[in-house]
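Participant: Below you'll find the structure I mean.
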């Protein structure tokens, strides 16, 4: 079902409002879990993998919180489906490009799910709109408990949860926020902020995590440390850091507008003009132009467009989304044309 | 009166339709004439200049074709007025920046006029919309005859009309067309065309003649030779060259659209998007963006905007026009803002 509907509203971690969602697009927490007595996914034989996948899948099917979820066998799916799931942040890049048996559970709200046979046997995840880490943790720890009651987790008293990659050992938790910081970039404060965040054990990357490029002033902030800290400590820390960064961003935005309102107006409206008129738009240019628009909306300079529309454009103009909507494969040139059409349609009615 | 109305419609050499006006904005012919027995303007003493100005002005006042004209004493006018008259092509750059006694006659249609005490004692000029050199010559030669009946022109049987600058000796005539050639520029055929035109005794410059920059793919083609040729020969030649160039431009445009319609659509609509949305626009950027819009309109790619609107924007967003409209002096930053407002207003209603 998720694969049949490329519409925006089904993607509730982005389409619904959330705390500070003017700046924080979404909050995500994932837990890496493995079943004791089995090799990690990449070291398992086909037979061992099939067995652990079966055990994990059965356990997930029994979880109350996942009732009504879809279970998608990834190795049977076309590349387009996998890209689509990745664009919805339901599977990792690694899952999208894998070859072996693996699957994903997706709750109907698309805010809760689980990957089976990623590098860890199970990765549970919650994605919520805005800055909403506590609620995310509340849901995820409940799901984790449901699962722990059924599975014998690979766990060490000394280290905590054991994971395929040593960087996850301990809590096995990665919590992150996707955040838009145009004013900190414009005022060149962003590097200082990145350094400060790193000193606090957090890391800043592109919106798809490790190795993903930063485009359109969208950053992902996540915890680096999983060992020797509690989950709640980590979440609290990320929460407060994010609050502070949003605060700095707001101050920088206000200052920029005070100092150069006409310049900002001009930049925002030019981006609007190009997005609403161009006949071809690449994915990269779209992200770059959405940034001044989002800035315009959140700072009050642009009242004619809603954040909702910008979020919809952000999600639904990604390559797999466009192809799903068209109902057929499109090469990159064709995508640029339908992307521009989609955006024009969505921005229509906004008068300047 | 001309100085009190910065509106578009009074400028009939641009606001009215004319032959081939999709590509040829205007046709202009001017005649340089001097009164025998007086030094050329720049060599004349103040007394001599006053006397020759008086003689010329009286003669011009008596011309039937100039009846109802305004006579403007330039040395008494503010710099803004002079710039405005230059933007309307009623006076030359030289006239605008002069210091001495000098004046201009402007017919109510703004298509016929005369400068007094430019480098020559008199410069008569006709400006008509589109490619309309024959009609222009018809009017101008009639005015010339009216004047010749009253004045003793400096004339040599061997050379023809004597002029302050040797490049005008002979016919004293400069005929020119202002022409938009985006496709020849895009397809890199323009330099070949410029060379060919030069070999035919014509020259290509920016829209304000000698020393003026080429912006927005607008060119002025004019005759170089005034000696040993007749006026009508020269006009015929320029007419046919212009027809041929328009033909080449149309072919290049059709070919470009056939080969890259999406690319052209995109370029045209992006220009539209920026022009209709930007909050600040320099004069240079405006001209550069008007070019793809005009191309879009003339080639049929853009049906939502009229040539008339583009011509109005072209004329009325020039610096002096903007200040006249605002009713006060504006610095360059202020002009960029009101220019963008004016354009946005004019493009409003054109849906994309």
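The values are calculated or read from the model by the stated rules, or taken from the named source; none is laboratory data. Every value quoted in this text rests on a predicted model; they were computed, and no experiment measured them. Heads up, the Cβs are rebuilt from the backbone with ideal geometry, glycines too, and the neighbour counts pull from every protein chain shown.
Participant: Any residue in the stretch A:276-305 that's within 14 Å of chain B (Cβ to nearest Cβ) and farther than 16 Å from residue A:186 by Cα: show its pairings with residues that are part of a loop (DSSP other than H, G, I, E, B) and at pLDDT 95 or above at Cβ separation under 8 Å, as long as the two are six or more apart or on different chains.
Facilitator: Listed pairs, sorted by first residue: A:281/A:317; A:286/A:317.
Participant: If you don't mind, there's one more thing I want to ask. Which one of these is modelled with pLDDT of 95 or more and either surrounded by 16 or more Cβ atoms within 10 Å (Cβ to Cβ) or in the same structural domain as residue A:89 (by TED's automatic domain parsing) (or both): A:226, A:171, A:203?
Facilitator: Going through A:226, A:171, A:203 in turn, the sole match is A:171.
Participant: Given the structure, is residue A:96 modelled with pLDDT under 95, in a helix (DSSP H, G or I) and within 15 Å of the chain's Cα centre (by Cα)?
Facilitator: Yes; evaluated as a whole, the condition is true for this residue.
Participant: Separate question: Output the number of the condition that residue B:311 fails; it satisfies all remaining conditions of (1) without any contact (Cβ under 8 Å) to a residue 60 or more places away in the chain; (2) part of a helix (DSSP H, G or I); (3) away from chain A (no Cβ under 11 Å).
Facilitator: Residue B:311 satisfies every listed condition except (1).
Participant: Tell me, yes or no, whether the stretch A:55-73 has at least one residue that is out of contact with any strand residue (DSSP E or B) (no Cβ under 9 Å at 6 or more places or on another chain), more than 26 Å from residue A:132 (Cβ to Cβ) and in a helix (DSSP H, G or I).
Facilitator: Checking the stretch A:55-73: at least one residue is out of contact with any strand residue (DSSP E or B) (no Cβ under 9 Å at 6 or more places or on another chain), more than 26 Å from residue A:132 (Cβ to Cβ) and in a helix (DSSP H, G or I).
Participant: Here is a follow-up. State whether the residues of the stretch B:216-229 include one that is more than 13 Å from every other protein chain (Cβ to nearest Cβ), within 25 Å of residue A:274 (Cα to Cα) and touching a helix residue (DSSP H, G or I) at 6+ places or on another chain (Cβ under 6 Å).
Facilitator: Checking the stretch B:216-229: at least one residue is more than 13 Å from every other protein chain (Cβ to nearest Cβ), within 25 Å of residue A:274 (Cα to Cα) and touching a helix residue (DSSP H, G or I) at 6+ places or on another chain (Cβ under 6 Å).
Participant: Out of all the residues in the stretch A:10-45, which are outside any strand (DSSP E or B) and closer than 21 Å to residue A:293 by Cα?
Facilitator: A:13, A:14, A:15, A:16, A:17, A:18, A:19, A:20, A:21, A:22, A:23
Participant: Inside the stretch B:299-318, can you point out the residues that are exposed (fewer than 14 other Cβ atoms within 10 Å of the Cβ) and at negative phi?
Facilitator: The answer is B:303, B:306.
Participant: For the subset of the stretch B:340-352 comprising residues that are assigned to a helix (DSSP H, G or I) and in contact with a helix residue (DSSP H, G or I) (Cβ under 6 Å, 6 or more places away or on another chain), which member is nearest to the other protein chains (Cβ to nearest Cβ)?
Facilitator: B:344
Participant: Another one. Against the conditions (1) within 14 Å of chain B (Cβ to nearest Cβ); (2) under 23 Å from residue A:341 (Cβ atoms); (3) in contact with a helix residue (DSSP H, G or I) (Cβ under 6 Å, 6 or more places away or on another chain); (4) modelled with pLDDT of 95 or more, where does residue A:267 fall short? Just the number, please.
Facilitator: (2)
Participant: Hey, residue A:256 hits all of (1) away from chain B (no Cβ under 14 Å); (2) in contact with a helix residue (DSSP H, G or I) (Cβ under 7 Å, 6 or more places away or on another chain); (3) closer than 29 Å to residue A:87 by Cβ but one; which does it fall short on?
Facilitator: Looking at each condition in turn, residue A:256 falls short on (3).
Participant: Count, please, the residues in the stretch B:175-196 that happen to be surrounded by fewer than 21 Cβ atoms within 10 Å (Cβ to Cβ) and within 27 Å of residue B:13 (Cα to Cα).
Facilitator: Residues in the stretch B:175-196 being surrounded by fewer than 21 Cβ atoms within 10 Å (Cβ to Cβ) and within 27 Å of residue B:13 (Cα to Cα): 2 in total.
Participant: Can I ask one more? Please work out which residue is surrounded by the fewest Cβ atoms within 10 Å (Cβ to Cβ), limiting yourself to the stretch A:319-335 and to residues that are closer than 29 Å to residue B:350 by Cα and within 23 Å of the chain's Cα centre (by Cα).
Facilitator: Ranking the qualifying residues of the stretch A:319-335, first place goes to A:325.
Participant: Further question on the same structure: When residues of the stretch A:243-275 are filtered for being under 30 Å from residue B:301 (Cβ atoms) and in contact (Cβ under 8 Å) with a residue 40 or more places away in the chain, how many remain?
Facilitator: Result for the stretch A:243-275: 4.
Participant: Moving to a separate point now. Among the residues in the stretch A:73-84, are any within 20 Å of residue A:171 (Cβ to Cβ), within 21 Å of the chain's Cα centre (by Cα) and assigned by TED's automatic domain parsing to the domain that holds residue A:175?
Facilitator: No; the residues of the stretch A:73-84 include none that is within 20 Å of residue A:171 (Cβ to Cβ), within 21 Å of the chain's Cα centre (by Cα) and assigned by TED's automatic domain parsing to the domain that holds residue A:175.
Participant: For residue B:147, are the conditions met, namely being part of a loop (DSSP other than H, G, I, E, B), in the same structural domain as residue B:42 (by TED's automatic domain parsing) and surrounded by 18 or more Cβ atoms within 10 Å (Cβ to Cβ)?
Facilitator: Taking the combined requirement at face value, the residue does not satisfy it.
Participant: State all residues of the stretch A:275-285 that are outside any loop (DSSP other than H, G, I, E, B) and crowded, with 23+ Cβ neighbours inside 10 Å; if no residue qualifies, say none.
Facilitator: Once the filter is applied, which keeps residues that are outside any loop (DSSP other than H, G, I, E, B) and crowded, with 23+ Cβ neighbours inside 10 Å, the stretch A:275-285 yields A:275, A:276, A:277.
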